[in-house]
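Everything below concerns the one structure shown next.
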Amino acid sequence: MDSRSPLHRLRDARDHVRRRVLRRRRLIAALLLGVGAAVAVRSVAPPPPSTATLLVAARDLPAGREVAAGDLVPVEVPPDAVPERVARDPVGRRLAAPVRAGEAVTDVRLVGPGLGAAQPAGTVTVPIRLSDAGQVALLTPGDRIDLLGTDPQAGTTGALAHDATVLAVPDAASAADGALPGRLVVLALDSGAVYHVTSASAAEYVTYTWSRS
């Protein structure tokens, strides 16, 4: 049985309540301090960097391939890392040159109007049928070749164009021209040689040698 006087018991109860209130105040103060620190850190933290979505090759893609949706994967990159002439919708278009895994597909990688965009002024992009399909199979985009034409009637051979750049070698199976001899190749030619070369490709045996330059 508690032998203390009622006054002592009242004081003890008051002190107990006071201690509990003080402990709770410290806890509340600590919580408020933590919240304030979190808000302060958030307010001074830099915003997350902006990004842009870029489609890149999911795997190595060969020249002549028709790009399928599964050939591409989206990645987030800094906006200034997006190539200036990236192809926005390359699905269904044919590759003029190989594309490495992780590489974006740009206009110069596709058969079409942008293929000659990187070529010097005074050149023209033109498809030419070379007479020997086996020779065409030896070419890769970027090769520089000299074109030769042989007149089957006269048996003479002459130069048609010098230092032409191979831009694309369309896949033979997708060219849909099996009834015609030879094989197409897309070249960047000096504009002054285009008429001569295209005329010869219709009447002469057109072949090439690799340029020395």
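Every read-out reported here was derived from the displayed coordinates using simple, explicitly stated rules and does not represent laboratory data. Note that the structure is predicted; figures quoted are calculated from it, not measured. FYI the Cβ positions are ideal-geometry reconstructions off the backbone, even for glycines, and counts take in every protein chain you see.
For residue 143, the residues whose amide H sits under 5 Å from its own are 166, ignoring neighbours fewer than 5 places away on the same chain, with H placed 1.01 Å from N.
Backbone phi angles across region 133-146, fed through the Karplus curve with coefficients 6.51, -1.76 and 1.60 (θ = phi - 60°), yield HN-Hα couplings of 4, x, 5, 4, 4, 7, 8, 9, x, x, 4, 10, 9, 9 Hz in residue order; Gly and Pro are listed as x. For region 68-84, 3J(HN,Hα) computed residue by residue from phi via the Karplus equation (6.51, -1.76, 1.60; θ = phi - 60°) reads 9, 4, x, 7, 10, 9, x, 10, 9, 9, x, x, 6, 8, 7, x, 4 Hz, glycine and proline entered as x. Would region 119-210 count as rounded, prolate or oblate if I go by the C-alpha gyration tensor, calling it rounded below 1.5 in a/c and otherwise prolate when a/b exceeds b/c, oblate otherwise? Oblate shape, in that a/c is at least 1.5 and b/c is the bigger or equal ratio. Under a 5 Å amide H cut-off, with hydrogens placed 1.01 Å from N, residue 182 pairs with 133 among residues at least 5 apart or on other chains. The length gained by stretching the chain between residue 68 and residue 138 to full extension, at 0.36 nm per residue less their Cα-Cα distance, is 22.6 nm.
Net charge near residue 87, counting Lys/Arg +1 and Asp/Glu -1 over other residues with Cβ under 10 Å of its Cβ? Value of the local net charge: +2.
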